[in-house]
Amino acid sequence: MSLQIILIIAQKELRDALRNRWFLLYTIAFVALSLAFSYLALAGAGIVGFAGFGRTAASLINLVLLIIPLMALTVGAQSLAGEQEKSTLSYLLAQPVSRVEIFLGKYLGLALSLLASLTLGFGISGVVIALGGAGAVDPLAYVLLVGLAFLLSLTMLSVGLLVSAFTRKASVAVGIGLFLWLLFVFFGDLGMMGTAMALRVPIANLFLLSLSNPLQVFKMMAILDIQSTLDILGPAGLYAMRKYGDGLYSLLLGVLLLWILLPGLLAYARLAAKNDF
C-alpha cells in the first residue's frame, strides 16, 4: 500500500467535492446559519458569557444535526456510484493501484472536504462567540464540539459510502442517502418519544434504542460536554447517568467510533468483492 497514491486520490476527491454544487450549497448554508445563530444567541436578551455560549452551542448542535449528516451522506453516496456510472472507476482500477488505496484515498479526500466545511463554519462562529463573551467561554468545550461534529460527519460519510458501494447510479445512491437522513432525523427526540409512548418502551430499552442513531449519540455527547449531565433529555438521560456514571462518555464515544468503522469496512468489503465495473 502506497501512501503517495492514497494522497493523490485524496487530493482528486477533495477537488471534486469542492466543485460539487450541492456540497458548496450545504457549506454556504452551514456557514451562514452558524454565523446567524451565534449572533442571535449571544445578542438575544443581552445574554453573553458562558450562558450565551450555552445558547449558541445548543443552536449549533441542532444545526449540525440537520446539515452535517445531509452533507456527508450526499457526498459519500455520490462517490463510488458516480465513478461507476461514469466508468471512471473501472479505468482507475485498471491502473497499478489497489482497491484499498482507492477506498482510503476517497475516504480521506471526502473527510478533508467535510473538515474544511466544519472548520469554516465553526471558525466564523468562534470569532462571534469570542467577541460576544470571550471572558467566560471555555475554549476546550468549543473545540470538543467541533471534534464531535467531525466524528458525526465521518459516521454519515461511512454510511454514504456503504450505500454508494451497493448501487450503480449516483441518483439512486443519493436518493437512498436522503431517505436515510430523514430516517435518522425522524428517529431523534420526537420520534423516540412517540415510539416510547406508543409501545410503552422501558427506559433502559429507550436508551439502548437511542444508541442505534448516531445523531442521538452525538447529541448526548455534546450535551455532556456543555452541561456534564443529561437531565435535559428526561428519564432516559437520568437513567444513563445513573447506570453508567463517569463511563457514559466513553461508552458513547465507542458507539460513535463503531458507527464510523463498521459501515466503512462493509463498504470496502463490497468494493473489494465487486467485479462488475
Q) What is the spin-label model distance, in nm, from ILE28 to ALA273 if the labels are put 7 Å beyond Cα along the C-beta direction? A) 4.2 nm
Q. Along the Cα-to-C-beta direction of TYR91, a point sits 7 Å from the Cα; which residues of the range 1-43 have their amide N less than 16 Å from that point?
A. 9, 12-13, 16
Q) Taking the Cα-to-Cβ direction at ALA36 and at ARG242 and moving 7 Å from each Cα, how far apart do the two end points lie in nm? A) 4.1 nm
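No value in this document is a laboratory result; all are computed from the given coordinates. Small disclaimer: the values here were computed from a predicted structure and weren't measured. With ideal geometry, Cβ positions are generated from the backbone for all residues, glycine too; neighbour counts draw on all protein chains shown.
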